[in-house]
Amino acid sequence: MRRQLLRIYDLLSDYFGDLHWWPGETPFEVIVGAILTQNTAWRNVEIAIANLQAAGMLSPEGILQTDDNTLAGLIRPSGYYNIKTQRLKAFIRFLHEEFGGNLGKMFAEDAPVLRKKLLQIKGIGEETADSILLYAGNIPVFVVDAYTRRILCRHGIIDEDATYGQIQALFLKHLPSSVPLYNQYHALLVNTGKDFCLKAPRCERCPLHQLLTGKKPRGKHLERRTGRQQQ
DNA sequence: GACCAGGCACATC
DNA sequence: GATGTGCATGGT
């Protein structure tokens, strides 16, 4: 399994290059993005974050002091704006109550304890919590998302009804504990999902196609080695 | 116009 | 514990 997971990693890294996730200037911006991107295309999140930035509200204080209607209006392009308004504020209230509003203190907390605390916040589930830990806190946890599940499932590596915890445990067990490795691996899976798993015909051009079928991938994708950045 | 996107909470059985 | 539903925008 270890070899298989590393083979997938190598194939995708060859194709996509180093992705250097997460797109975000600061840890706080990464956290805002993690909440706003829930079940939402990243391009819509970018608009919402740009709105917050332009309004000078991309900070814990800025968001907390903004009334709900104004905040919802700013993040409207990211969808579910009423719910996400509450989720953003719930996180920031937690940050103030537990760590005096200091992200450095938050990430200095023992990781498993912090993860449990994050999961108790309304609106923070497993994927969002792990994205925050890995991409904002540089803590080595593996992020599992819909693409991870879809790709691993398609390649027969996991069962269709595997839980989040089971999928995560697979990576944690077989891969060395490494922030850059987990960062890149998750980013690769997301890009693979976006580019190849949306519609069945495109799947045949996926860098992983040969791994699954024994057939060479179709198309010219192996020529592409752009090392492109996220979005 | 239908479908999809880097989830999550809550109701119901 | 499993399953269904609401939340909502913008791109393809």
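Any read-out appearing in this document is the output of simple, stated calculations on the displayed coordinates, not a laboratory observation. A quick note: this is a predicted structure, and the numbers were derived from the prediction, not measured. Using ideal geometry, Cβ is built from the backbone for each residue, glycine included, and neighbour counts are taken over all protein chains shown.
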Open item on the list: How far apart, in nanometres, would the label points at A:S178 and A:L6 be if each is projected 7 angstrom from Cα along the Cα-to-Cβ direction?
Closed with: 0.9
TODO: Treat each spin label as a single point 7 Å out from the Cα along the C-beta direction, and report the A:D195 to A:A108 distance in nm.
DONE: 4.1
TODO: Would you mind telling me which residue in A:D159, A:D110, A:D14 has the biggest mean-square fluctuation in a Gaussian network model of chain A, where springs connect alpha carbons within a distance under 10 angstrom?
DONE: A:D110
Open item on the list: Which residues does the label zone of A:D161 cover in the stretch A:118-132, counting backbone N under 20 Å from a point 7 Å along Cα→Cβ?
Closed with: none
- [ ] Sum -39500 (n - 2.57) across every DSSP H segment of at least 4 residues in chain A, then divide by the residue count to get the 222 nm mean residue ellipticity, nearest 500.
- [x] -17500 deg cm²/dmol
- [ ] Filter the trypsin sites (Lys or Arg not before Pro) in the stretch A:98-185 to those in DSSP coil with at most 14 other Cβ atoms within 10 Å of their Cβ, and list the result.
- [x] A:K122
Task: Whole-Hz ³J(HN,Hα) from phi, Karplus 6.51 cos²θ - 1.76 cosθ + 1.60, for the stretch A:77-87, glycine and proline x - done: x, 7, x, 6, 5, 5, 5, 5, 4, 5, 5
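Just in the stretch A:24-91: which trypsin sites (Lys or Arg not before Pro) are loop by DSSP and have at most 10 other Cβ atoms within 10 Å? Provide the component values of the computation, followed by the final result.
Details: sites: A:R43, A:K84, A:R87, A:K89; in loops: none.
Hits after loop and neighbour filter: nothing returned.
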- [ ] Please list the non-local residues whose amide H lies under 5 Å from the amide H of A:G17, H modeled 1.01 Å from N, same-chain partners needing a gap of 5 or more.
- [x] A:G227
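Eight or more residues apart or on different chains, and alpha-carbon atoms under 17 Å: count the Lys pairs in chain A matching that.
On the way: A:K84/A:K122; A:K89/A:K117; A:K89/A:K122; A:K105/A:K116; A:K105/A:K117.
Pairs that pass both the separation and distance tests number 5.
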TODO: Apply the Karplus parameterisation 6.51 cos²θ - 1.76 cosθ + 1.60, with θ equal to phi minus 60°, to every residue of the stretch A:19-29 and state each ³J(HN,Hα) to the nearest whole Hz, in sequence, with x for glycine and proline.
DONE: 8, 6, 6, 9, x, x, 6, 10, x, 5, 5
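Pulled fully out, how much extra length does the chain show between A:D67 and A:N138, if you take 0.36 nm times their separation in residues and subtract their Cα-Cα distance? Write down the numbers at each step before the final one.
Details: separation 71, 0.36 × 71 = 25.56 nm, distance 3.14 nm.
Additional length available on full extension: 22.4 nm.
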Open item on the list: Need the C-alpha centroid separation for the stretch A:72-116 versus the stretch A:1-50, integer Å.
Closed with: 19
Task: Estimated vicinal HN-Hα couplings, Hz - the stretch A:113-118 in sequence order (Karplus 6.51, -1.76, 1.60; Gly, Pro = x) - done: 5, 4, 4, 4, 5, 4
Task: GNM result for chain A, Cα springs below 10 Å: residue of A:A129, A:A90, A:A34 fluctuating most strongly - done: A:A90
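For A:R205 and A:A90, what is the calculated FRET efficiency with R₀ set at 30 Å and r taken between the beta-carbons, to the nearest 0.05? Walk me through the numbers on the way to the answer.
Details: r = 42 Å, r/R0 = 1.39.
Efficiency at R0 = 30 Å is approximately 0.10.
For the stretch A:51-119, what relative contact order do you get, as a whole percent, if you take Cα pairs closer than 8 Å and at least 6 residues apart?
Details: 38 pairs, mean separation 14.4, N = 69.
That works out to 21 percent.
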TODO: Return an integer: the convex hull volume of the alpha-carbon atoms of chain A, in Å³ per residue.
DONE: 123
TODO: Over all alpha-carbon pairs in the stretch A:27-136, figure out the percentage whose distance exceeds 23 Å.
DONE: 20
Open item on the list: Under 15 Å from a point placed 7 Å out from the Cα of A:A169 along the Cα-to-Cβ direction: which residues of the stretch A:128-153 have their backbone N that close?
Closed with: A:142
TODO: Please report the relative contact order for chain A, taking Cα pairs under 8 Å with a sequence separation of at least 6, and give it as a percent rounded to a whole number.
DONE: 29
